[in-house]
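The structure appears below as structure tokens.
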Amino acid sequence: MAMKTQITNTKKQTMMSSKEIATLTGKNPKDVIRDIWVMTESLYGIKKDGADLRHHKNQQLTLVDGVIVCIDGRGYVSEFLLDRRHTEILITGYDVKRRAAVIDRWFKLESGSARPAAELDWRDNPAHLRNILIGFTEQVELVTAERNEAIRTKAQISRKREASALGKLSAASRRCRELEERLGESAKDATITKVEKATGRKDEFKFIALRRWCKENGQPARDVADERWGSVKSWPAGAWLAVYGIDLKTLFGGK
């Protein structure tokens with residue numbers, strides 16, 4: 001049977017707590033709670049293991065009409081509250097003296113000559129209020145810890161992103177320097193084919209004139225790879241400027 005769970009306000013109903021029953025009968029409070037679970041299982045099919053009460057801390061929940069379970073700040077059952085019918089069903093299995101003690105107590109409660117030991121409104125119960133405060137404190141500590149963990153994790157993610165961005169920036173800077181160096185290399189010397197393509201002037205530049213200038217000025221040409229010839233001469237910028245008036249820096253965009 002599914003457990004009916006709801007917060008209850010039972011000020012108008014006289015109830016007896018499992019703790020009071022334990023005091024009257026001389027039984028251990030835990031044993032009385034165990035007996036009540038046996039009773040609810042027999043009457044309504046509500047088992048202790050089947051009632052998930054861990055999510056109802058610091059609350060009083062109605063299992064069935066006349067049976068209320070009190071949950072402490074840890075999510076455990078601290079006691080039961082029973083009406084007269086369920087109290088009498090519970091003590092049927094007890095010995096005569098124990099039954100008599102409980103029945104006499106009920107007579108006093110109903111006649112008004114005694115006040116219930118269980119304060120059914122938990123707001124008037126200082127001990128229960130302390131449990132609630134402890135429960136709330138634990139919840140605040142848990143939420144604070146989760147928040148701090150989230151902040152720490154976010155900081156780690158931010159640092160990783162920052163490191164990644166710096167790495168990309170560094171790679172881009174290196175690439176930029178490499179391009180600048182290549183442009184600089186292009187401005188130092190150039191092959192005839194390269195200058196022809198850049199200027200659009202075909203068959204105008206002769207290697208003999210460039211070679212003569214190199215010999216006269218002691219600046220040798222550089223051998224570079226060529227797809228057609230294997231290797232060709234790349235003539236110094238000074239030779240190009242002196243012989244043909246071509247400034248390689250201007251031609252190839254060097255600084």
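Data for the structure
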{"item": "Residue-wise HN-Hα coupling along the stretch 213-220, computed from phi with Karplus coefficients 6.51, -1.76, 1.60 (Hz; x: Gly, Pro)", "result": "4, 4, 5, 5, 10, x, 10, x"}
{"item": "Amide H contacts of D226 (H built 1.01 Å from N, under 5 Å, at least 5 apart or other chain)", "result": "S231, V232"}
{"item": "Descending Cα extents along the principal axes, the stretch 16-121, whole Å", "result": "37, 28, 24"}
{"item": "Under the Karplus curve 6.51 cos²θ - 1.76 cosθ + 1.60, θ = phi - 60°, whole-Hz ³J(HN,Hα) for the stretch 37-47, x wherever Gly or Pro sits", "result": "4, 4, 5, 5, 5, 5, 7, 10, x, 8, 9"}
{"item": "Per-residue Cβ neighbour rank within 10 angstrom, fewest leading, I208, I192, I21", "result": "I208, I192, I21"}
{"item": "Over 30 Å between alpha carbons, listed pairs K160/K249; K47/K108; K27/K108; K57/K160; K30/K57", "result": "K160/K249; K47/K108; K57/K160"}
{"item": "Ascending count of other beta-carbon atoms within 10 Å, so fewest first, for H55, H86", "result": "H55, H86"}
{"item": "Test item: Cα-centred dipole of the stretch 16-121, Lys/Arg +1 and Asp/Glu -1 on Cβ, debye", "result": "260"}
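Since every read-out is calculated from the coordinates, none of them should be taken as a lab result. What you see is a predicted model, and the numbers here were worked out from it, not measured in a lab. Note that we place each Cβ from the backbone using ideal geometry, even for glycine, and neighbour counts take in every protein chain shown.
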